[in-house]
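**Student:** Mind looking over this structure? Questions follow.
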Amino acid sequence: MEARAGGLARAAAAVAAPQTHPAVAAPETPLAAVDWTAPWFDLVRPELDLVRDDACAGRFDACRARLDAMARTRGLHNENGRAVRFVDAVSVATDAYEAHIWATGEVPTRCAGDGAWHDLFNALVWLALPRTKARLNRLQAEVIAREGVRGVRGGLRDAATLFDENALLVVTRDARQVQALRGFDWPALFVSGRARFADQVGVAVFGHALLDKLRAPYKAVCGHAWIVHADPGDASPADPAGRTALDAGLAPALSAADLRPSAFAPLPVLGIPGWWAPNADPAFYRDAAVFRPGRRRAHGRARQDDPAARTSTGDL
């Protein structure tokens, strides 16, 4: 344990050229047209509602300061025991973003430019599910401590990045729904099984790049679905108790052994029943460019053409 901690400290101390957080920028969005009541904002809604006016006015430093105060009040810490703080990214220069957070607790947060919304959503997710964010940070920092910062992340860091940037949490104990999702059986999932999905499955947007993108939603927006085996009524992102339960169950379940790109399943966000009015028409799901048939090899190994195995945070 001491050797590992020392390695993490050395990795965090490797300060080089400034680095911004990895991002996939959302298209420019007329803020007046954003539907802030959309269900994809449910996970972060309590905190988003408190800073939204400032963010829409471009006062991102005020947002950062308010969210930082919330982190202090709630006693947020990473798994290295460091208090989580949202600091202006211009004050931080490092080529090891996750190692910096591990070593200091400081989360670099841009307050101007194209990345400001992206980093605002990142801070909001830290406040919504702090244990899960802290676990992802630990997993990434441990890899950096072992391997350093490389041009190619490797499987674990790829998967952690997919989770952090683009994950959808699919909360269910319904094996039939999981099978349909992993089998790309969109009619069984969203047409004939529509009522069952609404009753047995809860979905929350965790990825902050995905949240940023959903300020301007379009049909092809796709997330990386991560199955959370829990009752959706007990782990609902729409209420504080459910959010706490979701965080408490999800964080310890994330491990280096299980977190891999092929563990995700593609899920077009606007296909989720109740999330987009046009999907009430079954014809919505006949668009094979979005709702693609997929195939997997036996034993759970993903094919190279399986969208779930791709490591981009863009659309699948």
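No lab work stands behind these numbers, since they all come straight from the coordinates. Everything quoted here is computed from the prediction, not taken from an experiment. So basically every Cβ, Gly included, is an ideal-geometry build from the backbone, and we count neighbours across all protein chains shown.
**Student:** Please give the direction-averaged projected area of the C-alpha convex hull for region 168-217, in square nanometres with one decimal.
**Tutor:** 3.8 nm²
**Student:** Mind listing the long-range amide H neighbours of L76? Cut-off is under 5 Å, sequence gap 5 or more, other chains count too, H placed in the peptide plane at 1.01 Å from N.
**Tutor:** V84
**Student:** What is the list of residues in region 83-121 whose amide nitrogen lies under 17 Å from a point 7 angstrom out from the Cα of L31, following Cα to Cβ?
**Tutor:** Backbone N within reach: 110-121.
**Student:** Under a point spin-label approximation (7 Å from Cα along Cα-to-Cβ), what is the A57-D114 distance to one decimal in nm?
**Tutor:** Output for this residue pair reads 2.7 nm.
**Student:** Report, by chain and number, residues whose modeled amide H sits under 5 Å from the one on V203, excluding near sequence neighbours (fewer than 5 apart, same chain).
**Tutor:** Residues meeting the amide H criterion: V171.
**Student:** Cα gyration tensor of region 160-309, axes a ≥ b ≥ c as square roots of the eigenvalues: rounded (a/c below 1.5), prolate (a/b > b/c) or oblate?
**Tutor:** rounded
**Student:** Could you please report the charge total around G271, scoring K, R as +1 and D, E as -1 over all other residues with beta-carbon less than 12 angstrom from its beta-carbon?
**Tutor:** Once positives and negatives cancel, what remains is +2.
**Student:** Summing Lys, Arg as +1 and Asp, Glu as -1, what charge do residues with Cβ under 11 Å from the Cβ of E165 carry, E165 excluded?
**Tutor:** Taking every Cβ under 11 Å from that of E165, the sum is -2.
**Student:** Take R286 and R66, extend 7 Å from each Cα along the Cα→Cβ direction, and tell me the distance between the two endpoints in nm.
**Tutor:** Simple spin-label model gives 4.6 nm for this pair.
**Student:** Let me check against my output: what whole-number percent is the relative contact order of region 160-309, with C-alpha pairs under 8 Å and at least 6 apart?
**Tutor:** Rounded, it is 28 percent for region 160-309.
**Student:** Need one word for region 134-232: rounded, prolate or oblate. Basis is the Cα gyration tensor (sqrt eigenvalues a ≥ b ≥ c); a/c below 1.5 gives rounded, then a/b vs b/c decides.
**Tutor:** In terms of gyration-tensor shape, prolate.
**Student:** Counting only other residues whose beta carbon sits under 11 Å from that of T104, what net charge do I get with K and R as +1, D and E as -1?
**Tutor:** With Lys, Arg at +1 and Asp, Glu at -1, the net is +1.
**Student:** OK, next. Can you give the FRET efficiency for S255 and D231, using 1/(1 + (r/R0)^6), R0 = 22 Å, r = Cβ-Cβ distance, to the nearest 0.05?
**Tutor:** 0.50
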